[in-house]
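The values are calculated or read from the model by the stated rules, or taken from the named source; none is laboratory data. None of the values given here were measured: they were computed from a predicted structure. With ideal geometry, Cβ positions are generated from the backbone for all residues, glycine too; neighbour counts draw on all protein chains shown. In case anyone asks, the SASA skips ligands and DNA or RNA and just uses the protein heavy atoms, side chains included. Shrake-Rupley method; radii C 1.70, N 1.55, O 1.52, S 1.80 Å.
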Amino acid sequence: PDGRRRGIELEAVARPSPRWRLGAVANLSRNRIEVWRQALDVYDETYGWAGGELVTVYDTPPALSPETILGASVEWLPRPALLLALSGRWVDSAQLDNLGEAALATPSFAWFDLAARFELGRWLAAGSPALTLRVNRLLDERRAWPSGYSYPYLVRGGGGDRIEGVPYYYPLAPRHAVSRR
């Protein structure tokens, strides 16, 4: 209840000619939780378990909420029944939990998709039939991890307490093609 999400979403489309369409989107935000309390396991400097403790952090980013998402697309109609499209997206890093530790975040990533759509209405009169082929993750990006979770813990030592942890990521599928009729 003590959090806020503020931002802006922008979209722009340009048609430099009847055969070309250019698009761009941006989602820019600042997301925060005022006060977050979380129980953590506590380990000593040799990583021997030493109990548990409730940790409080202030003005922290919420889990899985990237603050910047950018996208762009180009569509081309080389023939009236054929559409070719290339699109790309860049996603900023996002926290895997609500503690705000940089080491417990997804890395930022980008990917590109390619699509072709062929209208079949010239040969089939029923409805608006089309054949679509889409190649997702065209460049076979291997470090696109948009989601996951973490195991944060507190390490207690002579120099004070520090939060550490282990990030776990859910990967996106590698390059793959999808067709649709």
Considering the range 150-160, residues that are in contact (Cβ under 8 Å) with a residue 24 or more places away in the chain and more than 16 Å from Pro66 (Cβ to Cβ), and then whichever is most open to solvent (accessible area, probe 1.4 Å), we arrive at Arg156
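May I ask you to verify whether Tyr168 is in contact with a Ser or Thr (Cβ under 9 Å, 6 or more places away or on another chain), open to solvent by 30 Å² or more (accessible area, probe 1.4 Å) and not small (Gly, Ala, Ser)?
Details: in contact with a Ser or Thr (Cβ under 9 Å, 6 or more places away or on another chain): yes; open to solvent by 30 Å² or more (accessible area, probe 1.4 Å): yes; not small (Gly, Ala, Ser): yes.
So Tyr168 fits the description; yes.
Rundown of residues vs (1) open to solvent by 50 Å² or more (accessible area, probe 1.4 Å); (2) modelled with pLDDT of 95 or more, yes/no style:
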residue: Arg32; (1), (2): no, yes
residue: Thr46; (1), (2): yes, no
residue: Pro66; (1), (2): no, yes
residue: Val74; (1), (2): yes, yes
residue: Pro80; (1), (2): yes, no
residue: Leu84; (1), (2): yes, yes
residue: Asp92; (1), (2): no, yes
residue: Asp97; (1), (2): no, yes
residue: Pro107; (1), (2): no, no
Being farther than 17 Å from Tyr151 by Cβ and free of Cβ contacts under 8 Å to residues at least 24 places away in the same chain narrows it down to one residue among Thr68, Thr60, Thr46; which is it?
Thr46
Only one of (1) more than 22 Å from Pro16 (Cα to Cα); (2) buried (at least 16 other Cβ atoms within 10 Å of the Cβ) does not apply to Arg117, and that is (1)
In the range 71-116, the residues that are in contact (Cβ under 8 Å) with a residue 60 or more places away in the chain and of a type in the set (Val, Ile, Thr)
Thr106
Only one of (1) open to solvent by 40 Å² or more (accessible area, probe 1.4 Å); (2) in a strand (DSSP E or B); (3) in contact (Cβ under 8 Å) with a residue 12 or more places away in the chain fails for Pro16. Which number is that?
(3)
Mind listing whichever residues of the range 40-65 are over 27 Å from the mean Cα position of the chain (by Cα) and of a type in the set (Gly, Ala, Ser)?
Gly48, Ala50, Gly51, Gly52
Being more than 27 Å from Arg15 (Cα to Cα), in a loop (DSSP other than H, G, I, E, B), at pLDDT 90 or above and not small (Gly, Ala, Ser) is the requirement here; does Asp140 meet it?
no
